[in-house]
Amino acid sequence: ADLANIVNMAAVQASVENCSMVTQAHLEWAKDKVIMGPERKSAVMRPEDLKCTAYHETGHALVALMTPGSYPVHKATIMPRGQALGMVSQLPEHDVVSMSKKQLLAKLDVLMGGRVAG
C-alpha cells in the first residue's frame, strides 16, 4: 500500500511539474514525503533557530558516519517536516530483521549525537 501511495504521489508531482514521465527525483520526493512528512514551507524560522537545527542534525549525521555498526546516512535536511525541525535519514544496506548489540549501541549513539552537538 505504501509503495502504491509513493508511486501515485510521484505521478501527481510529475503532472504538477508538467513532466511527461515520472523520474527518480519524483519518486525520491514522494518517498521523503511519506517517510519524513510534508515540508512545512510556511514555517518561519529565525536564523538562530536554523543554525541550532543545523548543528543538531550535523551531530546526528557525523556520529552516524563515524560510528561502526551505524546505518549509512541517506539524507540530512533542516527543512521542517511534520513535527520535526530537521531530520537525518539513515537507510540500511540490506533488509534488516534483527539488530546486533553493536548496531543497537550505534543507533543510540546517533540519537544522542544531535543533543551533544546542539
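Rounded to the nearest 20 Debye, what is the dipole magnitude of the range 31-118 about its Cα centre when Lys and Arg each give +1 and Asp and Glu each give -1 at the C-beta? Mind dumping the intermediate values first?
Values: 12 positive and 8 negative charges, 29 e Å.
Using Cβ point charges on Lys, Arg, Asp and Glu, the range 31-118 gives about 140 debye.
Over the chain, with the other protein chains present, what is the accessible area per residue in square angstrom, probe 1.4 angstrom?
Result: 69 Å² of accessible area for each residue.
Leaving out ligands, DNA and RNA, and with a 1.4 Å probe, what % of the accessible surface on the chain is carbon or sulfur?
The computed percentage sits at 61.
Which loop trypsin sites (Lys or Arg not before Pro) in the range 37-66, with loop taken from DSSP, have no more than 15 other Cβ atoms within 10 angstrom of their Cβ? Walk me through the numbers before you get to the answer.
Working: sites: Arg40, Lys41, Lys51; in loops: Arg40, Lys41.
Counting only loop positions with at most 15 other Cβ atoms within 10 Å, the trypsin sites (Lys or Arg not before Pro) in the range 37-66 are Arg40, Lys41.
Beyond 28 Å between alpha-carbons counts as too far, so tell me which of Lys75/Lys107; Lys41/Lys102; Lys75/Lys102; Lys41/Lys75 fall in that bin.
Lys41/Lys102
Cα extents of the chain along the three principal axes, largest first, in whole Å?
Cα spread of the chain along its principal axes, largest to smallest: 45, 41, 19 Å.
The values are calculated or read from the model by the stated rules, or taken from the named source; none is laboratory data. All of these numbers come straight from a predicted model, not from anything done at the bench. Heads up, the Cβs are rebuilt from the backbone with ideal geometry, glycines too, and the neighbour counts pull from every protein chain shown. Just so you know, the surface numbers come from the protein's heavy atoms only, side chains and all, with ligands and any DNA or RNA stripped out. Shrake-Rupley method; radii C 1.70, N 1.55, O 1.52, S 1.80 Å.
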